[in-house]
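The values are calculated or read from the model by the stated rules, or taken from the named source; none is laboratory data. All values reported here derive from a predicted model rather than from experimental measurement. With ideal geometry, Cβ positions are generated from the backbone for all residues, glycine too; neighbour counts draw on all protein chains shown. Ligands, DNA and RNA are excluded from the accessible area calculation, which covers all protein heavy atoms including side chains. Shrake-Rupley method; radii C 1.70, N 1.55, O 1.52, S 1.80 Å.
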Amino acid sequence: MNEERRTIVRVVGVTKSFTMGKVEVMALKGVDLEIFEGEYISIMGPSGSGKSTLFNMIGGLDKPTEGKVFIDEVDISQLDAYELAWLRNRKIGYIFQTFNLIPVMSALENVTLPMTFAGMNADDAQDKGIELLKLVGLGERFQHKPLELSGGQQQRVAVARSLANDPAIILADEPTGNLDLSTGEEIIELMQMLSEERGVTIISATHDYKMLNVSDRVIWVRDGVVDRVERREELDISVGGIGEKLTGTKRNGSPEPTGERG
Amino acid sequence: MTKQAAGAGKSKGRIDRLITLSFAKSVEISFKSLQVRFFRSMITVSSLVLAVSFLAFVLVNLDVAGGLLVHGGRDAATALSAAGYDVDLADGAVSMSAKERWIVILSLLVCTVGIVNAQLMSVTERFSEIGVMKCLGALDSMILRLFLLEAAMQGLLGASIGAVLGGLISLLTGAVRFGLAAWADLPWAGMLGSVGMATLAGCLLSLLGVLYPALVAARMEPINAIRAEH
Ligand SMILES: Nc1ncnc2c1ncn2[C@@H]1O[C@H](COP(=O)(O)OP(=O)(O)OP(=O)(O)O)[C@@H](O)[C@H]1O
Ligand SMILES: [Mg+2]
């Protein structure tokens, strides 16, 4: 991790307030973040702390009340509709807690849709879609509709879809939130593999302590502010390997020995 | 830990990498969308069939009456007056009675409301799908185009079935009321015009019905569209 690090996401003084009737809810109260290319970041925090709101800001799905989000040093509030669509299409892949596949399309069609938007021709898109579905372990099921697939399988399709246009960033909002333990673990492994083999930057909001083991850094959010940011080495000490205790697995390819704690 | 340079996206220029959706592909997606929701789209289509067949029925009735009048002279005129038409023998023109005209206008209004309602529902039940598409990079204009295409296809199908149906029923009732003489002097050009006009009106109704909800859906922030599901 000592190579020169390029900042891919920079969040500067972002606040977000929602007005519900007369009450104003401050979901984010001033967040500053810097995320480097190729990092695996987990955003952790209690329910209602603002993780999803932050996720939407970083992904350009919603606009901050104040402050700025830079992706590749480009202020995304300055983008017009076309550029924003381009960003969502090519630069970022999204994974949601509720999978959000298009129910009337087959797994393959779901995966190839972003490629179609990107102007790829149908045959190439088909080939690439099948290849991606194989990568996530769904090689034979590409003709199935989402409702004919299990939750875990749907989330795999969503992972494949997020990779459609080789994005630099994958944003995931509680990707394991609707999955059981072992299925969730499989998705986490998949994301870890993407991070290591493809060098994709992964930013994942989560409640899931299993995610800690694979994260390079963990950003703890509380009440709309960043409580603390911990690198994994620090995390091992301060949390005492809580993730490992929970899951009983070690991080594959981890550079430092993880089994020495008591 | 080896991490290669990240995704290919960043290295290439922006100019040639615009978001597109070809017309053929749009038609394909819209068509599949209708196919998958066959039942719902058939309900929309059938409300169109009803509205348009009624309109065609009324228009072709007038054509048939006009034909009778031209060839049947005074006898025909009395028969038509008895049947409730406003006959102007001097001009050789037949029109609906005022009462009938009101009924036609009211029925068309009711059908329009029905079509708008059907299209509104078909758009709102797909908010989350639209949100997902926007997250994947779809432009507002693409969403709008998909819905307009769907509506146009539904309109074309429903309106042409309706127009033909309405025309046929009108011919049959004409024969029943005035005897086979009604078929002897049919003004074919006028009838084709009436059927064509009814079809066109149906297509326009369908497009008009979908325009507002589709505009709302297309302009929605993706995150709100996705949230709408829960
Ligand atoms: N669209 C909205 N309108 C009003 N308030 C909102 C909206 N979205 C979020 N909030 C509020 O902002 C705060 C943060 O919500 P957020 O969804 O970001 O939490 P979270 O950390 O993702 O929680 P969870 O872990 O339960 O998903 C909450 O108090 C929530 O009620
Ligand atoms: Mg959340």
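Counting, for every residue in B:124-137, the Cβ atoms of other protein chains within 10 Å of its Cβ and taking the mean gives 6.
For chain A, the mean projected area of the C-alpha convex hull, equal to one quarter of the hull surface, is 14.9 nm².
In this rough spin-label picture, where each label sits 7 Å from Cα along the Cβ direction, the A:ALA122-B:ASP86 distance is 5.4 nm. When shorter helices are ignored and each DSSP H run of at least 4 residues is given -39500 (n - 2.57), the per-residue value for chain B at 222 nm works out to -26500 deg cm²/dmol. Distant-in-sequence amide contacts of A:VAL225, defined by a placed amide H-H separation under 5 Å and a gap of 5 or more residues or a different chain, comprise A:LYS29.
May I ask for the accessible area buried between chains A and B, both sides summed, probe 1.4 Å, to the nearest 100 Å²?
3800
For B:SER107 and A:ASP227, the FRET efficiency from 1/(1 + (r/R0)^6), where r spans their Cβ atoms and R0 equals 56 Å, is about 0.30.
The stretch between B:ASP185 and B:SER95, if pulled fully straight at 0.36 nm per residue, gains 30.6 nm over its current Cα-Cα span.
If you average the sequence gap of Cα pairs under 8 Å that are 6 or more apart and divide by the length of chain A, what percent do you get for the contact order? Relative contact order here is 24 percent. The figure for A:TRP86 is an accessible area of roughly 20 square angstrom, using a 1.4 Å probe on the protein chains alone.
Return the Rg/Rh value of the protein assembly as shown, two decimal places, where both radii are evaluated on C-alpha atoms and Rh is the Kirkwood radius. Radius of gyration over Kirkwood radius for the protein assembly as shown works out to 1.18. Within the listed set A:GLY38, A:GLY13, A:GLY119, the Gaussian network model of chain A (springs between alpha-carbon atoms below 10 Å) gives the highest mean-square fluctuation for A:GLY119. Accessible area per residue for chain B is 50 Å², calculated with a 1.4 Å probe on protein heavy atoms, without ligands, DNA or RNA. Consider a paramagnetic label point 7 Å from the Cα of A:ASP180 along Cα→Cβ; state which residues of the range A:125-169 have an amide N under 16 Å from it. Correct set: A:149-155.
According to the square roots a ≥ b ≥ c of the eigenvalues of the Cα gyration tensor, what is the shape class of the range A:30-80, taking rounded for a/c under 1.5, prolate for a/b larger than b/c otherwise, and oblate for the remainder? Cα axes put the range A:30-80 in the oblate bin.
Considering only B:GLY137, B:GLY114, B:GLY162, the Gaussian network model of chain B with Cα springs below 10 Å gives its largest mean-square fluctuation to B:GLY137. Hydrodynamic estimate: the Kirkwood radius of the range A:89-190 over Cα pairs, inserted into Stokes-Einstein at 4 °C and 1.567 mPa s, corresponds to D of 98 µm²/s. In this calculation the C-beta distance from B:THR124 to B:LYS25 is compared with R0 = 25 Å, giving a FRET efficiency of 0.50. Relative to the current alpha-carbon distance between A:THR19 and A:GLU148, full extension at 0.36 nm per residue lengthens the span by 42.5 nm. Within the set of other residues whose C-beta is less than 15 Å from the C-beta of B:PHE178, count the net charge using Lys and Arg as +1 and Asp and Glu as -1. Result for the neighbourhood of B:PHE178: -1.
Decide, for the range A:78-129, between rounded, prolate and oblate: order the square roots of the alpha carbon gyration tensor eigenvalues as a ≥ b ≥ c, take rounded if a/c falls under 1.5, and otherwise choose prolate if a/b is larger than b/c, else oblate. Oblate, since a/c reaches 1.5 and b/c is not below a/b.
Would you work out what percent of the accessible area of chain A, with all protein chains in place, is carbon or sulfur (probe 1.4 Å)? Reported share for carbon and sulfur atoms: 48 percent. Solvent-accessible area per residue in chain A equals 42 Å², computed with a 1.4 angstrom probe and all protein chains kept.
Hey, what number do you get for chain A at 222 nm if only DSSP H runs of n ≥ 4 count, each worth -39500 (n - 2.57), divided across all residues, to the nearest 500?
After summing the helix terms and dividing by the residues of chain A, the value is -8500 deg cm²/dmol.
Beyond a 28 Å Cα-Cα separation, which of these cross-linked pairs lie in this structure: A:LYS68/A:LYS210; A:LYS51/A:LYS134; A:LYS145/B:LYS134; A:LYS134/B:LYS32; A:LYS63/B:LYS32? From A:LYS68/A:LYS210; A:LYS51/A:LYS134; A:LYS145/B:LYS134; A:LYS134/B:LYS32; A:LYS63/B:LYS32, over 28 Å: A:LYS68/A:LYS210; A:LYS51/A:LYS134; A:LYS63/B:LYS32.
Tell me the carbon and sulfur percent of the accessible area for the range B:128-169, rounded to whole percent, probe radius 1.4 Å. C and S atoms contribute 82 percent here.
The local environment of A:LEU28, defined by Cβ-Cβ distances under 14 Å, has a net charge of 0 under the rule Lys, Arg +1 and Asp, Glu -1.
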